[in-house]
Each structure stands twice: as C-alpha cells, then as structure tokens.
Amino acid sequence: MKTFDAAIAGGGLIGCAIALELSRAGLRVALFDARDPGREASWASAGILSPAPENSAMIAMVPLGRASLAMYPDFIASVEEMSGLSTGFRRKGTLETLFSRRAKEELNTIIALHHGLGLKAEAISAQEARELEPDVSDEVEAAVFRPEEASVDNRLLTAALLEAAKRSGVRVFSGSPVQSIYREGSTCRGFVLHDGEQVPARFGIVAAGTFSSQIAGIEDFAPVRPAKGQMVALRCERVKVERVLWSERIYLVPRNDGRILAGASVEHVGFDKTVTASGIHSNLDAAFELVPALAAARVEETWAGLRPDTPDHLPIIGPTDLDGLLIATGHFRSGVLLTPVTAKLVADYLRGITPSLDCDRFSPLRFREAASHRKVSGVSN
Ligand SMILES: Cc1cc2nc3c(=O)[nH]c(=O)nc-3n(C[C@H](O)[C@H](O)[C@H](O)COP(=O)(O)OP(=O)(O)OC[C@H]3O[C@@H](n4cnc5c(N)ncnc54)[C@H](O)[C@@H]3O)c2cc1C
C-alpha cells in the first residue's frame with residue numbers, strides 16, 4: 001500500500017466530509033470503511049439540522065451547532081456541484097408544538113432560553129401554527145417556530161459526499177476495517193488493517209462513529225457507545241407536512257420524495273439494531289397525536305440505527321497526545337448537523353490553526369485523563 005498524507009477510518013458523513021475537505025486542500029487521502037461507506041448512523045438518521053438543545057447536556061454544543069448550520073448552504077452547494085447529485089436540503093424552518101394547558105408559560109421559558117443562546121425563535125399561537133402546518137392536531141396549544149433551521153436527506157447527502165470525495169481524488173477502500181493504529185513510540189504513523197497490512201500516513205483520523213472504540217489504541221480517547229434509534233417512514237397523499245415538526249414525544253421529518261419520517265427513541269441496548277413492535281408502536285402513536293391524519297398513511301419502511309454517544313453526550317473532535325492521531329466521533333444525535341464544522345475543524349487542526357470557536361471541551365484528551373486516573377488508582381468500570 002502506498003503512503004498517504006491522511007488515512008481516515010470510517011466512511012460515514014463525518015469521515016467522508018473530512019476526506020473531501022482534506023483532499024480539496026491538496027492532501028493525498030485514503031478512506032477505509034469496514035463495509036460499504038455510509039451504511040450506519042449516517043444512513044439511519046433523520047437529517048434534522050437544529051442546534052436548539054433538546055436537554056441541558058446539549059447546551060454546550062449550541063455554538064458548534066450554530067456555526068455548522070450557518071455553513072450548510074455553501075456546503076450543500078459545493079457538494080452538489082462536485083458530485084452532480086442532489087441532497088434533499090430543505091430550508092423551511094422547524095416547528096416545535098406544545099400540547100399542555102401550561103403551553104403559554106412553557107413558551108416564554110423556551111423562547112427566553114433560545115434567545116439567550118443566540119438562536120432565532122418565534123412564539124406563535126395555535127392558529128398561526130396551523131396556518132403554517134394545516135395538518136397538526138387541534139390539541140396543539142402553541143408553538144415555537146425556528147425559521148433558520150432545516151433538514152437534509154442524510155442518505156442522499158452521504159452518497160453525494162462520497163462521490164464528491166472520489167471525484168476529488170480520495171482513495172476509498174470498502175470492506176477494509178481498521179484494526180488498530182500503527183504506532184511508533186508516541187507517534188501515530190497510520191493504521192493497521194484487519195489483515196495486518198500497515199497503511200503509512202502522516203495523519204490517522206478516526207471517524208468510525210459508534211464503532212470507533214473497537215479500534216485498538218483508541219478506547220481511552222473515544223469511549224463511544226451505541227444509542228439505538230428506531231424510525232418509520234410513512235406516505236400519505238392527504239397529509240401535507242412542509243417542515244420538521246416536533247412534539248415532546250416525536251419528530252416528523254418531510255422528505256422531498258413525499259415520505260414523512262417519524263422517530264425519536266433513544267435506547268442503550270448495545271449494538272442491537274432490531275426494529276421492535278414496541279418501538280414502532282410508540283413512534284406511530286406519538287406521530288398520530290401530532291398529525292392525526294397520518295393514521296391513514298402507508299408504512300413504507302422501518303429501520304434502526306446506532307448513534308455514537310459519549311459519557312458527556314458531547315462530540316469528540318481534535319488531536320490526541322499521540323503525534324499525528326486525531327479523533328472525530330461521538331456526535332450522538334447531531335452528527336448530520338455537525339458534519340461541515342467537524343470537517344473544517346479537523347482540517348484546521350491538521351494545518352496547525354487554532355479554531356476560532358472554543359473547542360477545548362470537545363477534546364479527546366478529556367477522556368484520556370479520566371482513563372489514566374482510573375488505571376493509576378486501579379479502578380475499572
Ligand atoms: C435514528 C437516528 C436518527 C438521527 N437523527 C439525527 C438528526 O436528525 N440530526 C442529526 O444531526 N443527527 C442525527 N442522528 C445522528 C447522526 O446520524 C450521527 O451522529 C452521524 O451520522 C454519525 O456519523 P459518523 O460518520 O460519525 O458515523 P457513522 O455514520 O456510523 O459511520 C461510521 C462508519 O465507520 C465504519 N466503520 C466501523 N468500524 C470501522 C473500522 N474498524 N474501520 C473502518 N471503518 C469502520 C462504519 O461501517 C460506518 O460506515 C441520528 C442517528 C440515528 C441513528
């Protein structure tokens with residue numbers, strides 16, 4: 001195998017976007033995937049582009065999410081142009097619906113939180129919500145409209161990114177799992193593949209999603225674990241949903257091909273991707289509550305995927321204390337949103353540029369330090 005400037009483990013959205021960014025910067029790039037690229041979380045996702053925090057743990061990620069959302073229009077334009085493929089990017093805003101009798105009070109709290117985080121959000125009445133989305137339930141009491149948010153068809157985007165990366169000269173190796181880092185002292189010199197072949201590279205970048213921690217030498221930097229999500233795709237000619245809709249129990253995501261995806265579940269059940277009756281029942285029940293006419297919809301597809309979750313639910317992006325080794329994983333529920341900014345951050349780190357955003361809290365070293373502590377004190381978990 002010849003020598004590369006950068007070898008990337010993992011061909012999901014994150015790995016493909018990094019490969020494209022580095023190749024466009026003139027580096028010789030190799031991308032390795034355990035199977036066909038883009039068949040894991042990046043395929044299973046809903047493709048919502050929303051930096052609004054779903055819980056307090058995600059507040060720390062808002063600046064990163066906002067930066068990435070702002071990059072999306074140019075990112076999509078260049079990927080579509082380079083690949084000749086469309087990505088189903090929809091910039092119609094998103095609507096968070098509130099059902100409770102205390103909706104008006106909740107609304108004030110949500111809007112204040114959003115504005116405090118620099119997010120554009122408008123409080124709207126139930127009637128205004130139904131003017132935007134006529135099929136939402138009569139039980140909706142109020143809503144939050146976030147006009148800047150969007151969605152993308154993540155399956156189309158992954159395919160387009162991969163094609164753009166190939167056209168820009170990235171060498172793609174499918175069915176080639178990375179086994180371990182190729183290490184000499186405190187330097188990473190590339191990767192070792194499953195068949196023992198060494199791939200020399202100035203930089204090794206681990207972007208294998210929830211499987212990253214299975215690569216030997218990576219565990220302490222990227223203690224990712226799978227968080228299963230189940231999805232169902234519906235089609236109903238009578239129902240028109242224009243933008244991403246949320247309730248407390250579900251999100252609905254319209255695609256350009258007329259399908260409406262329903263999802264939300266987060267289950268920590270290991271690497272199991274079984275679609276269960278209770279998972280789909282709960283998605284459908286919540287979907288009918290939000291848009292009752294969907295009860296007449298045809299079920300077109302069901303699937304499950306594994307989000308790369310981390311101990312603090314924040315992504316892991318940046319250099320390690322091994323020269324030449326970088327990590328870009330752990331994007332949990334926001335990897336599609338964070339794809340453009342992650343690729344840019346990795347490219348900046350490689351060039352020795354300090355990111356303009358404060359990214360210390362996403363450093364892989366935060367886990368390395370905790371792991372060394374455990375080893376010194378003999379504690380295991
Ligand atoms: C149901 C669901 C809904 C979601 N909804 C959203 C959403 O609405 N918005 C959003 O922003 N995010 C969402 N996410 C999260 C998002 O999909 C992920 O954060 C993102 O796709 C992670 O991308 P990735 O490239 O890191 O990982 P993946 O897409 O999982 O790619 C990892 C790749 O690494 C490969 N690989 C594995 N082991 C090895 C190895 N040893 N060597 C080489 N390659 C290897 C795999 O084959 C795979 O191709 C959702 C996820 C799920 C599952």
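Side notes on the structure shown:
- The range 258-363 pair-distance distribution - Cα-Cα, 5 Å bins, rounded %: 2, 10, 17, 16, 13, 12, 10, 9, 7, 4, 1, 0
- Restricting the calculation to Cα atoms, the range 214-296 shows an Rg/Rh of 1.11 when the hydrodynamic-style radius is the Kirkwood one.
- Computed [θ] at 222 nm, deg cm²/dmol, the chain (DSSP H ≥ 4; -39,500 (n - 2.57); rounded to nearest 500): -9500 deg cm²/dmol
- Candidate lysines - alpha carbon under 16 Å from residue 92, same-chain residues fewer than 8 apart omitted: 120, 240
- Gaussian network model of the chain, springs between alpha carbon atoms under 10 Å - residue of 245, 22, 357 with greatest fluctuation: 357
- Fully extended contour minus Cα-Cα distance, from residue 302 to residue 167, at 0.36 nm per residue: 45.4 nm
- Net charge of neighbours whose Cβ lies under 11 Å from the Cβ of residue 175, counting Lys and Arg as +1 and Asp and Glu as -1: -2
- Residue (of 318, 71, 118) at the positive-pole extreme of the chain, dipole from beta-carbon charges: 318
- Springs join every pair of Cα atoms under 10 Å in this Gaussian network model of the chain, and among 270, 204, 15 the largest mean-square fluctuation is at 270.
- Accessible area (Å², per residue) of the range 1-89, counting only protein heavy atoms and a probe of 1.4 Å: 37 Å²
- For the range 1-78: relative contact order, % (alpha-carbon pairs under 8 angstrom, 6 or more apart): 25 percent
- The coefficient of translational diffusion for the range 153-247, derived via Stokes-Einstein from the alpha carbon Kirkwood radius under 20 °C and 1.002 mPa s, stands at 127 µm²/s.
- Result for the chain in a Gaussian network model with C-alpha springs under 10 Å: among 97, 342, 187, the largest mean-square fluctuation is at 187.
- Degrees, to the nearest 10: 154-167 long Cα axis against longest axis of the chain: 30 degrees
- The value of relative contact order for the chain, using C-alpha pairs under 8 Å at least six residues apart, is 23 percent.
- Over the range 1-76, volume per residue of the alpha carbon convex hull, in Å³: 127 Å³
- Centroid-to-centroid, using Cα positions, the range 95-174 and the range 305-369 are 24 Å apart.
- Under a model in which nothing but the beta-carbon of Lys, Arg (+1) and Asp, Glu (-1) is charged, the chain shows a dipole of about 760 debye around its Cα centre.
- Helix 339-351 axis, angle to the chain major axis (alpha carbon atoms, nearest 10°): 20 degrees
- Heavy-atom accessible area per residue - the range 91-137, 1.4 Å, Å²: 58 Å²
- Heavy-atom accessible surface of the chain: percent carbon and sulfur, 1.4 Å: 49 percent
- Residues of type lysines that residue 166 reaches as a straight line, Cα spacing below 22 Å, ignoring anything fewer than 8 places off in the same chain: 2, 344
- Restriction of the trypsin sites (Lys or Arg not before Pro) in the range 230-260 to DSSP coil positions whose beta-carbon has at most 10 other beta-carbons within 10 angstrom yields 238.
- Full extension of the chain between residue 130 and residue 35 gives 29.8 nm of extra length, using 0.36 nm per residue less the Cα-Cα distance.
- FRET efficiency, 1/(1 + (r/R0)^6) with R0 35 Å, evaluated for residue 256 and residue 117 via beta carbons: 0.75
- Counting DSSP beta bridges with both ends in the chain, the antiparallel % (nearest 5): 70 percent
- Size-normalised alpha-carbon gyration radius of the range 10-141, reference 2.2 N^0.38 Å: 1.35
- For the chain, with +1 on Lys and Arg beta carbons and -1 on Asp and Glu, the positive-most of 349, 4, 305 along the dipole: 4
- Cα-based Kirkwood hydrodynamic radius, the range 271-323, one decimal, Å: 14.7 Å
- Extent along the principal axes, Cα only, for the chain: 64, 49, 40 Å, with the longest axis given first.
- Using only alpha carbons, the range 78-117 has a radius of gyration to Kirkwood radius ratio (Rg to Rh) of 1.31.
- The trypsin sites (Lys or Arg not before Pro) found in the range 1-81 that occupy coil by DSSP, while having at most 11 further C-beta atoms within 10 Å, are 2.
- Each Lys and Arg Cβ is given +1 and each Asp and Glu Cβ -1; about its Cα centre, the range 173-300 then shows a dipole of about 360 debye.
- Relative contact order computed over the range 232-367 (Cα-Cα under 8 Å; 6+ residues apart), in percent: 21 percent
The values are calculated or read from the model by the stated rules, or taken from the named source; none is laboratory data. This is a predicted model, so every value here is computed, not measured. Positions of Cβ are backbone-derived with ideal geometry, glycine not excepted, and every protein chain shown enters the neighbour counts. Just the protein is used for accessible areas: all its heavy atoms, side chains included, with ligands, DNA and RNA removed. Shrake-Rupley method; radii C 1.70, N 1.55, O 1.52, S 1.80 Å.
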